[in-house]
Amino acid sequence: MTFNWKDKNVFITGATGLVGSWLTKFLVDEGANVVALVRDIVPKSILWSSSNEFDYIKNSLTVVNGELEDYLLLERTLNEYEIEVVFHLGAQTIVGIANRNPLSTFESNVRGTYNLLEACRRSTLIKAVVIASSDKAYGEQEQLPYDETTPLQGTHPYDVSKSCADLIAYTYYNTFKLPVCVTRCGNFYGPGDLNYNRIIPGTIRSLLNNESPIIRSDGKFIRDYFYVKDGAFAYMLLAEKMIVDASIHGEAYNFSNEIQVNVLDLVDKIIDLMEVDVEPAILNQAQHEIRNQYLSAKKAKDQLGWSAKYTLDSSLEETIEWYRNLK
């Protein structure tokens, strides 16, 4: 039976971010009543853009202005808007920023998470809470790919913030039986990503400007690159399953297309798709970053019936086209 999101009251933190914007769009399209927590208005954010694809979205949202660090705001929002489902995507997501200023990352990613979970615990209407963690929560491991039994042992500021948030989420299930699940995904990319220090948008922008793309590492770091639309659909599917099947509460799920690619090969693929003749500049300056990370999505496939809808090539082509049309 197809799940019906119509008139469900949904709260999304991080709604103006890359994944949050697409998740917001898909939920609005399904008829959900979406309440979005917004800290800063970023005019070029895809959620606030005037593109045909998103133009109608902002007129369908209830926007709560504030921060995850404001506990009373979160409690008021959940209560007054009678929230049933929470998607917690709000976070400081950039590794380099975390290394430069770890305090802001810990405040949003750790304190923000326990604030939200505590507010959810005190609400009697909550049916599902989806917490967006990350493959970085696993830290650096010798055995790959990571599965959900891999220990959470981040060592650098961003990784540690995700390990902490992940464990806090579990304790709210284990101690208080809050209906919470955790997602662990790889590096998101896709239309709407304005963080140009990430490899995919940075490479595309450089090529559009007839410049050599910059690779901060030696180009051999291996990552999971996960298309934003697949990620948004995965979050929705998980929440749907949580509402009808309490046996999965407290579980964590990896989501991945299970295609491992190193940075240099990815950049070369983008160069080929954009049909330009240029060589990347390899700086070999990356510090405090995990060298190889990739995930097994077997549990999500077996227990949730999930699978990725997009190939790497088709999703990169969509992404490139979006940046070509970006004004």
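Regarding Thr183, is this residue more than 12 Å from the chain's Cα centre (by Cα), farther than 17 Å from Gln92 by Cβ, buried (at least 20 other Cβ atoms within 10 Å of the Cβ) and among the polar types (S, T, N, Q)?
Working: more than 12 Å from the chain's Cα centre (by Cα): no; farther than 17 Å from Gln92 by Cβ: yes; buried (at least 20 other Cβ atoms within 10 Å of the Cβ): yes; among the polar types (S, T, N, Q): yes.
When the stated conditions are applied, Thr183 does not pass them.
Can you find, within segment 141-168, the residue that is modelled with the lowest pLDDT among those that are of a type in the set (Ser, Thr, Tyr) and closer than 19 Å to Leu89 by Cβ?
Per the criteria, the residue is Tyr158.
Name the residue that is farthest from Leu238 (Cα to Cα), counting only residues in segment 125-140 that are modelled with pLDDT under 95 and not in a helix (DSSP H, G or I).
Glu140
Within segment 314-326, identify whether any single residue is among the aliphatic types (A, V, I, L, M), in a loop (DSSP other than H, G, I, E, B) and either on the phi < 0 side of the Ramachandran plot or touching a strand residue (DSSP E or B) at 6+ places or on another chain (Cβ under 7 Å) (or both), and answer yes or no.
yes
With closer than 22 Å to Val182 by Cα and of a type in the set (A, V, I, L, M, F, W, C) as the only criterion, which of Val267, Val244, Val276, Val263 stands out?
Val244
Among strands (runs of 3 or more DSSP E) lying entirely in segment 1-76, which contain 1 or more residues that are under 14 Å from Leu89 (Cα atoms) and touching a Ser or Thr at 6+ places or on another chain (Cβ under 9 Å)?
On the way: elements: 9-13, 33-38, 62-65.
In segment 1-76, the matching strands (runs of 3 or more DSSP E) lie at 9-13, 33-38.
So in segment 196-220, with the set limited to residues that are among the hydroxyl-bearing types (Ser, Thr, Tyr) and part of a loop (DSSP other than H, G, I, E, B), which one is modelled with the lowest pLDDT? Before you say what the answer is, go through the steps one by one.
Narrowing segment 196-220 to residues among the hydroxyl-bearing types (Ser, Thr, Tyr): 196, 203, 206, 212, 217.
Right, trim to part of a loop (DSSP other than H, G, I, E, B) and you get 196, 212, 217.
Details: Tyr196: 92, Ser212: 94, Ser217: 87.
In this case the residue turns out to be Ser217.
What is the number of the single condition among (1) more than 26 Å from Gly66 (Cβ to Cβ); (2) in a helix (DSSP H, G or I); (3) among the polar types (S, T, N, Q); (4) in contact (Cβ under 8 Å) with a residue 12 or more places away in the chain that Asn109 does not meet?
Condition (1) is where Asn109 drops out.
Tell me whether segment 224-232 contains one or more residues that are among the basic types (Lys, Arg), closer than 23 Å to Ala308 by Cβ and under 24 Å from the mean Cα position of the chain (by Cα).
yes
When residues of segment 315-326 are filtered for being modelled with pLDDT of 95 or more and either over 20 Å from the mean Cα position of the chain (by Cα) or buried (at least 17 other Cβ atoms within 10 Å of the Cβ) (or both), how many remain?
6
So which pairs qualify, if the first residue must be in segment 200-224 and on the phi > 0 side of the Ramachandran plot, the second must be assigned to a strand (DSSP E or B) and crowded, with 16+ Cβ neighbours inside 10 Å, the Cβ gap must be under 6 Å, and the two must be at least 6 apart or on different chains?
Pairs found: Gly219/Ile282.
Considering Phe226, Phe176, Phe221, which residue is buried (at least 24 other Cβ atoms within 10 Å of the Cβ) and either over 28 Å from Leu116 (Cβ atoms) or of a type outside the set (Gly, Ala, Ser) (or both)?
Only one candidate qualifies: Phe226.
Looking at the structure I just gave you, is Ser123 polar (S, T, N, Q) and buried (at least 24 other Cβ atoms within 10 Å of the Cβ)? Step through it out loud before you land on a result.
Details: polar (S, T, N, Q): yes; buried (at least 24 other Cβ atoms within 10 Å of the Cβ): no.
So Ser123 fails the test.
Among the listed residues Asp193, Asp224, which satisfies the condition of being modelled with pLDDT under 95 and either part of a strand (DSSP E or B) or among the β-branched types (Val, Ile, Thr) (or both)?
Asp224
The values are calculated or read from the model by the stated rules, or taken from the named source; none is laboratory data. These figures come from a predicted structure and were not determined experimentally. Counting neighbours? That spans all protein chains shown, and the Cβs are built from the backbone with ideal geometry, glycine included.
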